[in-house]
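Just so it is clear, none of the values below were taken in a lab; they were calculated from the coordinates. Fair warning: this is a prediction, and the values are worked out from it, not measured in the lab. Glycine gets a Cβ as well: all are built from the backbone with ideal geometry, and neighbour counts include every protein chain shown.
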């Protein structure tokens, strides 16, 4: 099964870059995995997803719970998917709906979102806060195991 | 006094908040747009290597990465006292055209068109891209996705990644074009020219053929008589990459024209206590508060500002559209804020035509990519971003490390205008405490026309409703909350 991991976020805005950190870590640990940093997301993710069987999106999320909390959501369902509104014009659910509408048959049938609860997305820094950093490690590990990669890695 | 807060603003690039202050009669007293500050970015850059600036600044915000990249590269050219080679200059301009293609396409169809194509009075849940597609058809939707991707691919051919380009270096470019890449850009640009014409056709069919919409565009609350600013070539035609900065007045006459290095002599920044962001104004005219007219130094940038500040477009079909726009709307300058959308489409056609010209320029595959740099010092670089004039200014120390950074982004240049447009729209549309969602959307329309980006935008996924309106009484107590979504 052809899988793509997409990291969304701004690497300079501390925890906002969590998804991008996950992708960068994966690229280093398992270069055989297709992983891309799609930065601010938006409509271009449709292009990136084209032709894959499965996509795993990793993004930071701010719901007000404990920083570092990890959410795993199956977003392939369409209407049942939670209505996250992104800070960036075209939100994720809209984008995916658009993909199903305009490119039927080309969108990955399996779509997952991994959200990492952020603590600080305001200050400029290329490193995450400690709890989010720990969550990044966990998510990297989870993805490697999920994709049947090695499970003896040293993060 | 009552306060109406619209937060967050739907369909915008980034976060923002509009606060509308009502008086005792329930009429609009004032309106302010609050932008989160670009906190600490300048400090983040200090001490870094100069050549990192074109890599770092595109990450300020994912909306204008290419414009920041090119402004940074131009600033380094100036700071190192080097002119880029002829080929490098053309490559950079071509890259900027690719970025304008994808950015203007996205804005028109996803952010602007829902108001016009679907209609300002349509229910909020239909006023989005799906409503647009219902009206124009799925085939147009596929064309939108395809051509937005073409614009992005053009920038990727140079920059590696469209969102994080790495090709601009002081004195030129790190990578040239081979024949295969050139051919591919020519094909994509050709297709984008047709797509831009099709988009102008849609604007004609849906907006201009509807007298209500034309009246809306020309209606009083959406007029602002400010100065206009943009980069122009030697014939005073719009240019996205270089030339001189031209300022025209409320009657379309040239008020000022200066080289990018001289911006500090012509543009000042004003500070208000209620926001961290600054307001730019023309130094020789001065700051007179939030007011328009010849005595107020406030100016507009972005698609409409650029077209008003110029005398035409440098490509034939876009120039025809330029003239048609001014003929239809009563001559230059056009001061209707909602005409930004039309101006954006004229620019989309120009970007595609100009990309085509550059892609077929015999010198574009040249290998003279970079000139040797001089000693590090101070530099200013200006390019047109999709949203308007973007200024970078760095001081480098003798080791080539960054000592001081000042960035004036397009949204800062339009900040005072946006606040005034919101206030005027609110004045015309909210009266006697009557605040319904249709009216609020008209206020947002004024704001959205500028396509403002908030430099510090992040991409965390918030879980709240897309629109919330809070009404406060004179004592600051929350008396009403209206939610949209």
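Before moving on, here are some points about what is shown:
- Helix B:65-79 axis versus longest C-alpha principal axis of chain B: approximately 50°, rounded to the nearest ten.
- When the alpha carbon gyration tensor of chain B is reduced to an equivalent ellipsoid, the three semi-axes, largest first, read 35, 26, 21 Å.
- Annotation: extensible slack from residue B:328 through residue B:365 equals 9.3 nm (criterion: 0.36 nm per residue apart, minus Cα-Cα distance).
- Across peptide A:36-47, the mean count of Cβ atoms from other chains lying within 10 Å of each residue's own Cβ comes to 6.
- Relative to the current alpha-carbon distance between residue B:204 and residue B:434, full extension at 0.36 nm per residue lengthens the span by 79.5 nm.
- Using alpha carbons only: equivalent-ellipsoid semi-axes of the protein assembly as shown, gyration tensor based, whole Å: 34, 31, 25
- Here A:57, B:442 are placed in order of increasing Cβ neighbour count within 10 Å, fewest first, which gives B:442, A:57.
- Antiparallel content of DSSP bridges confined to chain A, in %, to 5: 20
- Using alpha-carbon coordinates, inclination of helix B:86-106 to the longest axis of chain B, degrees: 20
- Volume per residue for the range B:286-386 equals 148 cubic angstrom (convex hull of Cα atoms).
- Helix B:340-359 and the longest principal axis of the C-alpha atoms of chain B enclose an angle of approximately 10°.
- Ordering B:311, B:254 by the number of other Cβ atoms within 10 Å of each residue's own Cβ, fewest first, gives B:254, B:311.
- Using 0.36 nm per residue and subtracting the Cα-Cα separation, the extra length available between residue B:139 and residue B:262 on full extension is 39.5 nm.
- Per-residue shielding of A:6-16, expressed as the average number of other chain Cβ atoms within 10 Å of the residue Cβ, stands at 4.
- Along its three principal directions, the equivalent ellipsoid of the range A:3-146 from the Cα gyration tensor extends over semi-axes of 23, 17, 13 Å, largest first.
- The protein assembly as shown: calculated mean residue ellipticity at 222 nm from DSSP helix runs of at least 4, using -39500 (n - 2.57): -11000 deg cm²/dmol
- Each of B:85, B:57 has some number of other Cβ atoms within 10 Å of its Cβ, and from fewest to most they run B:85, B:57.
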